[in-house]
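Let me begin by presenting the structure, written as C-alpha cells, before commenting on it.
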Amino acid sequence: MGNSGHIIRELTDRHLQSIVSLKVQWKDPFQEGRQPIPYSASGSIIQASIDFIFILTCSHTFKPFTVGHDPDFDSVETINANTDLEVAVFDGHVDFGQAYCIDWSQDMCLVLVPFPLKSSYQPVRFIDDEDDMLGQSVYTRETKVYSIYCFPTSQKETQRLFGTTVKGKICGHNDIIGNDLDPVYRPDLRIFEFEMAGAAGCSGAPIFNKDFLFIGMWISRVADLKFALKLNQIQVWAHTWFNITDSKTMNEIVAKASASMSAKLAESTSLGADLSSMDMEIFDGVDLSSLETSDGIDLSSLEIFYGGDQL
C-alpha cells in the first residue's frame, strides 16, 4: 500500500468528520399513494458554526422527490413539500436540513442546516488553483485521487457505513463536457473522469488530491467509470448564487458567503421570523421555500437509475 496507505489513513483522520450521509424520503408515504422512495447520497461540510452548517452535494439526490410539469411549461420541477432531508454524521449525530440552493442542469445543491444541535466538525478545504506550481493540471491522466463516502445499511434506521475511504486515479480526457455524459447536463459543464471503487450513496462525495484538498464532486458512474465536477465549475456556480465577484478562490467565496448567512440568520431570529420562510436561491424555477422537516422514515434497499445508469 505504501504511501497511498499513509494518505488514506491521514485523510480519514482529517476528513471523516467532514462527510455526511444525506437521506431523502417521504414524510408521509401514504399521502403520495405509492411506496416509499428513500434515497441516500454523500455530501461535504464546507462550513460549520453554531449558527449553521453548509453541505455541498448533488442535486439528483432530490430527483425522485420532484413534482414534474408539462414540457410545454419549460419542464419546471419543484421539490415535493412532503419531502424530508436527514443529515447524519459519522459520530451518530443526526440533524435535519433543507435545500438552500439547487441547480438541476449542473447537478449541484447546497444544503443548509440552521442552528445545528452539534457543529464541531472540520470542513473540507478547496484547492486554490486547478494548475500546480509547474503549470500542470490537477486533472492530468494517472494522477492519484481519493474520496470518502457513506451509504446506508439495512440494519437500523439511522445506521450508516462511514469511513469508506478509497483511492483511484484520473483517467481519460480531462476536458469532458456535460453533453458528453448526459443530455440532462448543461453543454458547458466541466467534468473529469476517474477510476475508483464506488457504491450506491457515493454520489455527492468529494474527490481529494494527495494533499487532502477538494478538487471535485462525484456526480455519476457508467459501469466502472466515474465522473466528477471540476472545482472551477463549482466555484463559478458559487459566484452566481452568492453574487460574490471579488473572490478568486472557493475558500474565499465560502468565507464571505458564511459571513452573509450568519448575518441573515441573526436578523431572522431577532425579528422572530420563521426560518422556513427564508428566501431560497432558485435555479431552473425550483421553489424550495415550502420544504419542511420531521421525523425520519426507515431506509430500505433501493436501486436508483439516473441518466440510464444505476447510481
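Derivation of every value follows stated rules applied to the coordinates shown; laboratory data play no part. Remember, it's a predicted structure, so these values are computed and weren't measured experimentally. When we count neighbours, we look across all protein chains shown, and the Cβ atoms used for this are built from the backbone with ideal geometry, even at glycine.
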Between ASP13 and ALA81, the FRET efficiency computed from the C-beta separation at R0 = 45 Å comes out, to the nearest 0.05, as 0.65
What's the extension gain from SER137 to ILE37 if we count 0.36 nm per residue and subtract their Cα-Cα distance?
32.0 nm
Cβ crowding within 10 Å averaged over residues, with 43-49, 195-201 ranked highest first
43-49, 195-201
Set the Förster radius R0 to 25 Å, insert the Cβ-Cβ distance between PHE30 and ASP91 as r into 1/(1 + (r/R0)^6), and round the FRET efficiency to 0.05.
0.15
Residue span THR249 to ASP224: 0.36 nm per residue of separation minus Cα-Cα distance leaves a gain in nm of 5.8 nm
Length gained if LYS169 through GLU195 is fully extended, taking 0.36 nm per residue and subtracting the Cα-Cα distance, is 8.8 nm
